[in-house]
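One structure below.
The values are calculated or read from the model by the stated rules, or taken from the named source; none is laboratory data. Keep in mind that this is a model prediction, so the values were computed, not measured. Here the Cβ positions follow ideal geometry from the backbone for every residue, glycine too, while neighbour counts run over all protein chains shown.
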Amino acid sequence: MIKFKIKELLQKNNMSRYKLQKYTDFTYTRVNDYYFGRVKSIKIEELNLLCKIFKCNVQDIVEFKSDK
């Protein structure tokens, strides 16, 4: 199972979903999908942009947990 850690990154960086939406030009619905873990697909460009904004690595945004 893939988990997106945008909620944690926003809290850590004291940033709102609205501010993230302004920085990325994502729709607010897209930001909410990341925030609530409802993203079904992701573009490399989105990951690159999120890494730049949060000054982090991909593994700080996306986490894999096996379903054992």
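Some points to look at:
- Wholly within the chain, helices (runs of 4 or more DSSP H) carrying at least 3 residues that are touching a helix residue (DSSP H, G or I) at 6+ places or on another chain (Cβ under 8 Å) and loosely packed, with under 13 Cβ neighbours inside 10 Å: none
- Criterion violated by TYR23 - all others in (1) in contact with a Cys (Cβ under 8 Å, 6 or more places away or on another chain); (2) farther than 14 Å from ILE61 by Cα satisfied: (1)
- Of all residues in the range 20-59, those satisfying the criterion of being more than 12 Å from LYS3 (Cβ to Cβ) and of a type in the set (D, E, K, R) are LYS22, ASP25, ARG30, ASP33, LYS40, LYS43, GLU45, GLU46, LYS52, LYS55.
- Test: residue in the range 39-56 that is of a type in the set (Ser, Thr, Tyr) and at pLDDT below 95: yes
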